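Working notes, structure below.
Quick note: the coordinates plus some simple rules give every number you see, no bench work behind them. Everything quoted here is computed from the prediction, not taken from an experiment. All Cβ positions, even for glycine, are placed from backbone atoms using ideal geometry, and neighbour counts span all protein chains on display.
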Amino acid sequence: MKSRSPIMQTAPLKMVGSNNFGRYPKISVEQTYNMIVSDDWLVDYAGYKKVATIGGTGRGLFSSTRLGKMIAVIDNVVYAIGTNLVPSPIGNLNTYSGDAFIDEDVQNHVGICDKQTIWIYDYAANTFKEAYTTTPPAPGVGSDLDFIPNYIAFHDGRFIATGKSKSSNSTYWRLSDPSNQNTKFPNASAYVGLFQTKPDSPVAVFRFPGKGNLIFVMGRSVTEPWYDLGLRLFPYQKNTSYNLDYGCLNPATIAFNDNIVVWLAANEKSGPFIAYTMGGEIVPISNDGIDFKLSELQHPENSYGFLFKQDGHLFYQITFPQDNLTYTYDFNTKRFYTLCDPMMNYHIAKRCVFFNNTYYFLSFQDGNLYELSTKYTDADGEEIPRIRIPPTFRLPDSSPFIVNNISFPIEQGNPQNNPEGNIPRADLSISNNGGESFGSSVGMNLNPVGKRKNRFIYWNLGYSNEITPQLRFWGKGRFVVGNGTMDYYQ
């Protein structure tokens, strides 16, 4: 009797996707590293290049609209960086580590809070001095502030800071006196604000983008909206109809752009999660897998976040250095992705600002200044790990099958794929245990320049009752990957 050929069946191969992993690998291990979804194709996340060598511990970075320069805090030195990207020291702090928060007013001042005191850089007078409560301190004498500040922002003509009293356990938010050129923070009822909703301590206060006279005062477990009504006794009045019942785990995760504010939220009854608001209710942007991952973090308080726009997509990038983890969330497509450096550790960007029509960031690793842009397809000359793990494939009854091949379209043969003669490659490894472990990789080079056939295919992937492919793309050029298919038979 003549044997019959097996009946080949085709299943979709979801090469285009984001992080949809579950609590456990058996549920899902779907994940994407250093790539994003654009127009239903998988493309590169932005690469970066070092543009200024400074060195040290990067603490803060700010883009001054009025001065037309970036302000960077590295170790205890404050630098001004213009369009020539040459750092020029403008002052020294008394601290060498810890976060530094920066903002500017409309009186030619840049305020810098190093969580010990507040420094005022007057770029019109070219002076760098400490803020005060009663008497301007003499150089080297020490701070005259009667509170220890931990955040600074500007709103409606004045600096606003949060902090703790030096003489008691009182915590509050303080207003500067505009008539004293925003260098004085008086200890009087017209300049001191208190939390009212919960017994909490304010850790940050900032103007809400696009909402005029609205500010948010954030604590550890609650956020209060206040409005500047120009009142005589105290200019701000709390919104009595609502508040956000979550605070901020670390003010370094607060980022705002357009009409949105994003941060790492928490309260006294809830663990950390990523959230945003547009001035109304709080909206969680985590999913089951991300929430589970965040719940396992050992040091979620050591975290940093910023907003970044790539080709019209608005991303929130958050890093947990001690837990060696970086995620980015695309507000346009509502998807999470994983980012890493060339060694598969957390992404090196700590603070990022938009300046001179591009984005720059300070690095966690070396305190140098880098440009972040899609015009770079490598990590300052090193290959960026680009990995896609599609969902695990199983038949409804979990019966075994044999995979004949998987294939997917990929851009090949363009100079952008093969810069400086670099030959890109795609490696495939397979898991037959639901993503618990993957076997050895099998690699194939992509086509050289001029050979633009777009189909990429792997044959004879074996016998299994579930299969999870992992694709890793090697090269210093760009990658453009589409959805594929898997042919199998029983």
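Data table
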quantity: Extension gain (nm, one decimal) between Ala188 and Asp397, 0.36 nm per residue minus Cα-Cα; calculated: 68.0 nm
quantity: Cα Rg, Dmax, the range 246-367, angstrom units; calculated: 13.8, 43
quantity: Spatial separation of Cα centroids for the range 200-216 and the range 63-128, in angstrom; calculated: 22 Å
quantity: Proximal lysines relative to Lys26, as straight alpha-carbon distance under 17 Å, when same-chain residues fewer than 8 apart are discounted; calculated: Lys293
quantity: Ranking of Phe159, Phe306 by count of other Cβ atoms within 10 Å, fewest first; calculated: Phe306, Phe159
quantity: Global form of the range 16-60, assessed from the alpha-carbon gyration tensor, a/c cut-off 1.5; calculated: oblate
quantity: Cα Rg, Dmax, the range 371-415, angstrom units; calculated: 17.8, 51
quantity: Cα radius of gyration and Dmax for the range 271-327 (Å); calculated: 12.3, 34
quantity: Theoretical gain in end-to-end length, Asn465 to Asp122 [0.36 nm per residue, Cα-Cα removed]; calculated: 116.6 nm
quantity: For the range 374-381, 3J(HN,Hα) per residue [Karplus equation, 6.51 cos²θ - 1.76 cosθ + 1.60, θ = phi - 60°, Hz, x = Gly/Pro]; calculated: 6, 6, 9, 10, 9, 9, 6, x
quantity: Directionally averaged projected area (convex hull, Cα atoms, the range 69-224), nm²; calculated: 9.9 nm²
quantity: The range 178-196 and the range 373-404: distance between their alpha carbon centers, rounded to Å; calculated: 55 Å
quantity: Zero-based 5 Å bins, Cα pair distances in the range 330-416, whole percents; calculated: 3, 9, 13, 18, 16, 13, 10, 7, 5, 4, 2, 0
quantity: Cα-Cα over 28 Å, subset of Lys164/Lys309; Lys69/Lys476; Lys69/Lys184; Lys14/Lys309; Lys451/Lys476; calculated: Lys164/Lys309; Lys69/Lys476
quantity: The range 195-308 - Debye-derived log10 I(q)/I(0), Cα point model, q = 0.14, 0.17 Å⁻¹; calculated: -0.56, -0.80
quantity: Proximal aspartates and glutamates relative to Lys129, as straight alpha-carbon distance under 18 Å, when same-chain residues fewer than 8 apart are discounted; calculated: Asp75, Asp103, Glu104, Asp105, Asp114, Asp144, Asp146, Asp177
quantity: The chain - percent relative contact order, Cα under 8 Å, separation 6 or more; calculated: 18 percent
quantity: Charge context of Ser176, other residues only, Cβ under 10 angstrom, K/R +1, D/E -1; calculated: +1
quantity: Cα-based radius of gyration of the range 58-161 once divided by 2.2 N^0.38 Å, which approximates compact folds; calculated: 0.99
quantity: Tail fraction, Cα-Cα pairs, the range 1-134, threshold 21 Å, whole percent; calculated: 61 percent
quantity: The range 297-342: projected area of the alpha-carbon convex hull, averaged over directions, in nm²; calculated: 3.6 nm²
quantity: Restricting the range 292-336 to trypsin sites (Lys or Arg not before Pro) in coil, as DSSP defines it, with at most 10 other Cβ within 10 Å; calculated: Lys334
quantity: Ratio of Rg to Rh over the chain (Cα coordinates, Kirkwood Rh, two decimals); calculated: 1.06
